[in-house]
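A quick write-up on the structure given underneath.
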Amino acid sequence: MKKTLLFIACLLALASCNKLGKGTEEADKERDSLTQVIAQKDDELNELIGTINDIQEGFQRINEAEGRVTVADANPESGSTRETIRENMAYIEEAMSKNREMIAQLEQKLKASGSNVSALQKTLDNLRQELEEKDASIQELKAQLMEKDSLIFAQQEQITGLNNDVNNLTEENKQKTETVASQDKELNTAWFVFGTKAELKEQKILTSGDVLRSDDFNKNYFTQVDIRTMKEINLYSKKAEVLTSHPEGSYTLRKNSKGEYVLNITNYKKFWSVSKFLVILVK
């Protein structure tokens, strides 16, 4: 009897141990499952936070780019500065597009996670609001740059017009200067010739005892001079006579050491006032 009771007691103890073992195993499974869920939620939360950080960094880069546009905008006429502005604006638009996509993804992830975290939802709402405000700020900046571009274009057209005016005036002044120089040269140009009676007749300079009577005389036989600089003419002859009319007292006709005549013009304006042609007969 005692042996039987002992055997029964052992069976009961074994059964009790089996039940306890089964309960511990189920608890371990539940704990592992819960740990896995918590880990999954942690991963989801970390991913959401990482996305939020990326979005905030994006806004920071956008702010920095905006600052560069504002600083560069101080001298928009410069070609390099305008190129820098365009590059920064392109960068801002690309960064805004990325942030817009990340905010949309963040919203989808938050919904998919089933998390009801008010702080995350509030952060998402703040990011959406910041995106809207930043978008409005960028649009205003674009409008300002467009206005400046229009102003610069108008100024460039005005400068081009002024440059054209300056070029036209320069050309006009050049033509006037050339005209004045030509007129001045003409006013101060005269012609002289000396020769024997036969030579002068041959060139039709002397006709029937009259000098320059006809217009068909050979002008190429004359020497062209500037009356302002030509003061003296060596005639290389011991006999000389001025045939054209020139005021007395404006010149002298004298001999040099060789006994040859030299014409000296003492008052060139007075001398050439009657005629711009000087004809001297020599023998």
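What follows draws every value from the coordinates through simple rules; no lab data is involved. Computed from a predicted model, the values in this text were never measured in an experiment. So basically every Cβ, Gly included, is an ideal-geometry build from the backbone, and we count neighbours across all protein chains shown.
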(request) Could you tally the net charge around SER137, taking each other residue with its Cβ under 11 Å from the Cβ of SER137, Lys/Arg +1 and Asp/Glu -1? (result) -4
(request) Between ALA143 and THR177, take the C-beta separation as r, use R0 = 51 Å, and let me know the FRET efficiency to the nearest 0.05. (result) 0.55
(message) With every atom except the alpha carbons ignored, what do you get for Rg and Dmax of the stretch 216-275, in angstroms?
(response) 12.3, 38
(request) Mind ranking 230-242, 166-178, 54-66 by how tightly packed they are, going by the mean number of other C-beta atoms within 10 angstrom, highest first? (result) 54-66, 230-242, 166-178
(request) Could you give log10 I(q)/I(0) at q = 0.19, 0.20, 0.22 Å⁻¹ for the stretch 96-141, computed by the Debye formula over C-alpha point scatterers of equal weight, without solvent? (result) -0.61, -0.66, -0.75
(request) Mind grabbing the base-10 log of I(q)/I(0) for the stretch 187-237 at q = 0.14, 0.15, 0.16 Å⁻¹? Debye formula, identical points on the C-alpha positions, no solvent, two decimal places. (result) -0.40, -0.46, -0.52
(request) Can you quote the Å³ per residue value for the convex hull of the Cα atoms in the stretch 77-183, rounded to an integer? (result) 82 Å³
(request) At a Cα cut-off below 20 Å, give the aspartates and glutamates reachable from LYS204, other chains included and same-chain residues fewer than 8 away excluded. (result) ASP215, ASP216, GLU241
(request) In whole angstrom, note down how far apart the Cα centers of the stretch 83-109 and the stretch 205-230 are. (result) 90 Å
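Using the per-residue mean of other Cβ atoms lying within 10 Å as a proxy for protection, in what order, highest first, do the peptides 180-192, 97-109, 152-164, 270-282 fall? Walk me through the intermediate numbers first.
Values: 180-192: 12.8, 97-109: 15.5, 152-164: 10.5, 270-282: 18.4.
So the order, starting with the most tightly packed, is 270-282, 97-109, 180-192, 152-164.
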(request) Provide Rg and Dmax in Å for the stretch 179-283, with only Cα atoms included in the calculation. (result) 13.9, 44
(message) Just to check I understand the Karplus step: with θ = phi - 60° and J = 6.51 cos²θ - 1.76 cosθ + 1.60, what whole-Hz values come out for the stretch 258-267, glycine and proline as x?
(response) 8, x, 9, 6, 10, 8, 10, 9, 8, 9
